[in-house]
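**Q** First, the structure itself, so that you have it in front of you.
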Amino acid sequence: QLFAIFAFATCGGYSGELRLSVDCANKSESDFSIDIAFAYPFRLHEVDFDVPTCEGKRREKLSLIGDFSSSAEFFVTIAVFAFLYSLAATVVYIFFQNKYRENNRGPLI
C-alpha cells in the first residue's frame with residue numbers, strides 16, 4: 001500500500017526543468033539562459049520554447065521530442081488501482097474477519 005501511494009504521488013506530481021545554452025561564434029550573441037519546464041504526463045512534443053539564432057535578434061520556436069504520456073499514465077493508473085485494492089482488502093479483513101472465520105469461501109475466492 002505504501003509503494004502504491006509513493007508511486008502515483010511521485011509520478012503524478014512530477015515536474016522538471018531542462019536548461020540549454022546556445023553557443024555562437026560571436027560570444028556576445030550567445031544566450032545561456034534557456035529554461036524549459038516540463039511536467040506529468042510528459043507530452044514533450046507539446047512543450048514549446050524560443051531559441052535565439054546566431055544571425056541576429058530573430059528567435060526560432062522549437063519543441064522537445066517524444067511523447068511518454070502513455071507509460072506515465074499507465075504507471076499512475078496501476079498504482080491507483082493497487083492502492084484502492086489494498087485499501088479495500090484491508091477494510092474487508094478488518095471489518096469482516098468474523099465472516100472469514102465462519103465460512104472459508106471468501107478467502108478461497
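The values are calculated or read from the model by the stated rules, or taken from the named source; none is laboratory data. As the structure is a prediction and not an experimental result, all values here were calculated from the model. So basically every Cβ, Gly included, is an ideal-geometry build from the backbone, and we count neighbours across all protein chains shown. Ligands, DNA and RNA are excluded from the accessible area calculation, which covers all protein heavy atoms including side chains. Shrake-Rupley method; radii C 1.70, N 1.55, O 1.52, S 1.80 Å.
**Q** Kindly establish whether residue 53 is at pLDDT below 85, in contact with an Asp or Glu (Cβ under 7 Å, 6 or more places away or on another chain) and of a type in the set (Ser, Thr, Tyr).
**A** On the way: at pLDDT below 85: yes; in contact with an Asp or Glu (Cβ under 7 Å, 6 or more places away or on another chain): yes; of a type in the set (Ser, Thr, Tyr): yes.
So residue 53 passes the test.
**Q** State yes or no: is residue 23 under 29 Å from the mean Cα position of the chain (by Cα) and acidic (Asp, Glu)?
**A** Judged against the criteria, residue 23 is not a match.
**Q** Turning to a different aspect of this structure: Please go through the range 89-106 and pick out each residue that is open to solvent by less than 50 Å² (accessible area, probe 1.4 Å) and within 24 Å of residue 9 (Cβ to Cβ).
**A** 89
**Q** Considering 69, 30, 63, 86, which residue is touching a Lys or Arg at 6+ places or on another chain (Cβ under 7 Å) and not aromatic (Phe, Trp, Tyr)? It would help to see each step written out before you state the result.
**A** Details: 30 fails: touching a Lys or Arg at 6+ places or on another chain (Cβ under 7 Å); 63 fails: touching a Lys or Arg at 6+ places or on another chain (Cβ under 7 Å); 86 fails: touching a Lys or Arg at 6+ places or on another chain (Cβ under 7 Å).
Sole residue among the options that is touching a Lys or Arg at 6+ places or on another chain (Cβ under 7 Å) and not aromatic (Phe, Trp, Tyr): 69.
**Q** So which residues in the range 8-28 are of a type in the set (Ser, Thr, Tyr), closer than 20 Å to residue 71 by Cα and assigned to a strand (DSSP E or B), if there are any at all?
**A** The one that is of a type in the set (Ser, Thr, Tyr), closer than 20 Å to residue 71 by Cα and assigned to a strand (DSSP E or B): 15.
**Q** Scan the range 56-72 for residues that are within 17 Å of the chain's Cα centre (by Cα) and open to solvent by 100 Å² or more (accessible area, probe 1.4 Å) and jot them down.
**A** If the condition is that a residue be within 17 Å of the chain's Cα centre (by Cα) and open to solvent by 100 Å² or more (accessible area, probe 1.4 Å), then 65, 68 are the ones that fit.
**Q** What is the residue count in the range 29-49 for residues that are surrounded by 11 or more Cβ atoms within 10 Å (Cβ to Cβ) and either in contact (Cβ under 8 Å) with a residue 40 or more places away in the chain or assigned to a strand (DSSP E or B) (or both)?
**A** 6
**Q** If you don't mind, there's one more thing I want to ask. Do we find that residue 84 is modelled with pLDDT of 85 or more and not in a helix (DSSP H, G or I) in this structure? It would help to see each step written out before you state the result.
**A** Working: modelled with pLDDT of 85 or more: yes; not in a helix (DSSP H, G or I): no.
No; evaluated as a whole, the condition is false for this residue.
**Q** State all residues of the range 8-28 that are open to solvent by 80 Å² or more (accessible area, probe 1.4 Å) and out of contact with any strand residue (DSSP E or B) (no Cβ under 6 Å at 6 or more places or on another chain); if no residue qualifies, say none.
**A** 10, 14, 23, 25, 27, 28
**Q** While we're on this one: Somewhere in the range 73-85, is a residue more than 27 Å from residue 39 (Cβ to Cβ) and either surrounded by 10 or more Cβ atoms within 10 Å (Cβ to Cβ) or of a type in the set (A, V, I, L, M) (or both)?
**A** So far as the range 73-85 goes, yes, one or more of its residues are more than 27 Å from residue 39 (Cβ to Cβ) and either surrounded by 10 or more Cβ atoms within 10 Å (Cβ to Cβ) or of a type in the set (A, V, I, L, M) (or both).
**Q** Out of all the residues in the range 59-72, is one or more modelled with pLDDT under 90, among the basic types (Lys, Arg) and not in a helix (DSSP H, G or I)?
**A** Yes: the range 59-72 contains one or more residues that are modelled with pLDDT under 90, among the basic types (Lys, Arg) and not in a helix (DSSP H, G or I).
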